[in-house]
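Written out below as structure tokens is the structure these notes cover.
The values are calculated or read from the model by the stated rules, or taken from the named source; none is laboratory data. Since we're looking at a predicted model, the values are computed, not measured. Cβ placement follows ideal geometry from the backbone for every residue including glycine, while neighbour counts extend to all protein chains displayed. What goes into the accessible areas is simple: the full protein's heavy atoms, side chains included, and nothing from ligands, DNA or RNA. Shrake-Rupley method; radii C 1.70, N 1.55, O 1.52, S 1.80 Å.
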Amino acid sequence: MNKKSVFRGESKVNILANYIYKRLISREWFTYNDIIKDVDIKNEEPEKISVSQYYNPLKNAFAAVCNAVERKEGPDCIEIRNSRPRRYRYVGNNPNPLAEEIDAKIVSSLKQYFEFCQDSAGFLPSSWLEEFFGGYIDLLDIKNKRRRGEQIIESGIDRSLKNIGLLPFLYKAIKAKLVLDVHYKSSDGQAQHLIFHPHYLKEHNGRWFLFGHAEKRKRCNNIALDRMLSRPEIVSAERRKYIAAPPNYYADYFKHIVGVSHIENAQPVALRLRARSRYMFTLTETKPIHNSQRTVRTFDRYDDGEYGEFLLDVEINKELIARILMMGDDVEIVEPMSARQAIKETVDRLFELYRG
């Protein structure tokens with residue numbers, strides 16, 4: 001194993017080297033700018049990316065990767081087209097000349113992940129660890145670490161919730177595309193059976209939900225694990241053909257919501273939040289309410305007061321309202337009026353509940 005491999009490490013050179021090599025073995029022409037775009041895939045305007053801030057590490061990484069490839073395949077294995085910008089292409093015979101170095105990096109990464117799994121007994125639900133490490137000496141090592149007080153990572157969320165032990169089974173059911181007969185208690189307290197085609201597992205605020213397609217139900221697309229009355233039964237493939245989710249369905253489903261509640265026919269709104277204390281502004285900035293959140297006014301003194309503002313593209317659901325209320329009077333919804341009204345109605349009900 002080459003301990004000095006350019007692919008191993010966390011520096012810019014190490015990171016860039018992996019992208020450069022991937023471009024090389026694709027056997028297609030590429031430029032330095034293409035590498036930067038690969039690294040900065042979240043940039044919405046890649047044509048505005050500047051190579052200058054990356055130039056020195058990119059130059060060093062490119063030289064190191066090319067030298068390593070040429071040692072394996074000879075000096076003529078990389079073509080150069082001296083146009084503007086300069087282009088490069090790999091033409092060697094070996095489709096993956098540095099496979100050994102790449103494999104060594106993967107093995108190193110897997111070992112690090114394994115060590116994380118051993119240390120995360122207080123972070124991941126124990127059912128995950130027992131399912132995948134059960135019967136191996138590794139599970140004993142995990143338990144011994146905890147007994148000796150050597151655990152170094154823990155979550156503040158309760159990991160002993162009802163039915164959390166079903167997580168590995170449900171995960172495998174999704175992977176295997178199995179149809180399930182789910183016996184659960186609905187929100188009105190009635191026990192029911194559903195033929196359910198599981199697609200997705202999501203945790204919100206310490207509670208786990210199974211999303212999927214429920215036969216003969218229009219609106220039931222998720223079930224909280226703690227509402228399940230027993231371990232779901234697998235329905236034979238002869239009786240039911242698995243119905244998969246459309247491509248990107250859940251990415252679109254969760255795109256504009258906080259939590260798991262998606263209101264039918266709801267449309268996202270531009271929600272403007274005003275933080276009225278520096279503390280709350282900083283807290284909200286560093287712990288965003290939603291991934292669409294962006295700062296539109298930094299915290300400062302303005303003509304109408306001292307505050308900072310954020311803009312979010314979200315649907316108004318119960319989880320969003322609860323999150324806003326949790327922040328108290330340090331945060332105000334400025335617009336739209338429909339969101340202000342939803343908060344007002346909730347506060348009015350609370351006032352009536354606690355009055356007197």
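Charges only on Cβ, +1 for Lys and Arg, -1 for Asp and Glu: so what's the dipole of the chain about the Cα centre, in debye to the nearest 20?
740
Would you work out if the stretch 206-248 is rounded, prolate or oblate? Take a ≥ b ≥ c from the square roots of the eigenvalues of the alpha-carbon gyration tensor; rounded if a/c is under 1.5, else prolate when a/b is larger than b/c, oblate otherwise.
oblate
Where does each of 337-350, 317-330 land if you order them by average Cβ count within 10 Å, highest first?
Descending packing order for the listed peptides: 317-330, 337-350.
What is the gain in length, in nm to one decimal, between Leu124 and Arg84 on full extension, counting 0.36 nm per residue of separation less the C-alpha to C-alpha distance?
Stretched fully, the Leu124-Arg84 segment lengthens by 9.3 nm.
Assuming 0.36 nm per residue, please report the length gained on full extension of the stretch Ser109 to Arg239 beyond their Cα-Cα distance.
42.6 nm
What residues from the stretch 288-314 fall in the zone where the backbone N is under 18 Å from a label point 7 Å along the Cα-to-C-beta line of Asp329?
Of the residues in the stretch 288-314, 305-308 have backbone N under 18 Å from the label point off Asp329.
Using 27 Å as the Cα-Cα cut-off, could you pick out the over-long pairs in Lys202/Lys344; Lys37/Lys111; Lys185/Lys216; Lys177/Lys202?
Flagged as over cut-off: Lys202/Lys344; Lys37/Lys111.
In Å², what does the accessible area per residue of the chain work out to with a 1.4 Å probe?
Heavy-atom SASA per residue in the chain reads 63 Å².
Search the structure for amide H atoms under 5 Å from the amide H of Leu229, placed 1.01 Å from N in the peptide plane, and list their residues when 5 or more places away or on another chain.
Long-range HN contacts for Leu229: His183, Tyr184, Lys185.
I'd like the orientation of helix 99-119 relative to the chain: the angle between its Cα long axis and the longest Cα principal axis, in ° from 0 to 90, rounded to 10.
30
Grab the Cα-Cα distance for Arg355 and Asn33, subtract it from 0.36 nm times how many residues apart they are, and report the gain in nm with one decimal.
109.5 nm
Starting from the Cα of Lys318, draw a straight line to each of the aspartates and glutamates and keep only those under 13 Å, dropping any in the same chain fewer than 8 residues away.
Glu345
State whether the stretch 309-356 is rounded, prolate or oblate according to the following rule on the C-alpha gyration tensor (a ≥ b ≥ c being the square roots of its eigenvalues): a/c under 1.5 gives rounded; otherwise a/b larger than b/c gives prolate, and the remaining case gives oblate.
The shape class here is prolate.
Which residues' amide hydrogens lie under 5 Å from the amide hydrogen of His204, considering only partners 5 or more residues apart or on another chain, with H built in the peptide plane?
Phe209
At q = 0.14, 0.17, 0.20, 0.25 Å⁻¹, what base-10 log of I(q)/I(0) does the Debye formula yield for the stretch 253-356 when every alpha carbon is treated as an equal point scatterer in vacuo?
Evaluating at q = 0.14, 0.17, 0.20, 0.25 Å⁻¹ gives log10 I(q)/I(0) of -0.55, -0.79, -1.05, -1.43.
Treating the angle as unsigned and between 0 and 90°, give the value, to the nearest 10°, between the Cα long axis of helix 12-25 and the longest Cα principal axis of the chain.
The angle comes out at about 70 degrees.
When a/c is below 1.5 the answer is rounded, else prolate if a/b is larger than b/c, else oblate, so apply that to the stretch 207-295 with a ≥ b ≥ c taken from the square roots of the Cα gyration tensor eigenvalues.
prolate
Need one number: nm distance between label points at Ala266 and Ile152, each 7 Å from Cα along Cα→Cβ, rounded to one decimal.
Label-label distance for Ala266 and Ile152, simple model: 4.1 nm.
Non-local amide H neighbours of Ile78 (under 5 Å, H modeled in plane, Pro and chain starts lacking H): which ones?
Hits under the 5 Å cutoff: Val91.
Could you tell me the largest-minus-smallest coordinate of the C-alpha atoms of the chain on each of the three principal axes, in descending order and whole angstroms?
84, 65, 48
Please report the carbon-and-sulfur percent of the accessible area for the chain; probe 1.4 Å, protein heavy atoms only, DNA, RNA and ligands left out.
50
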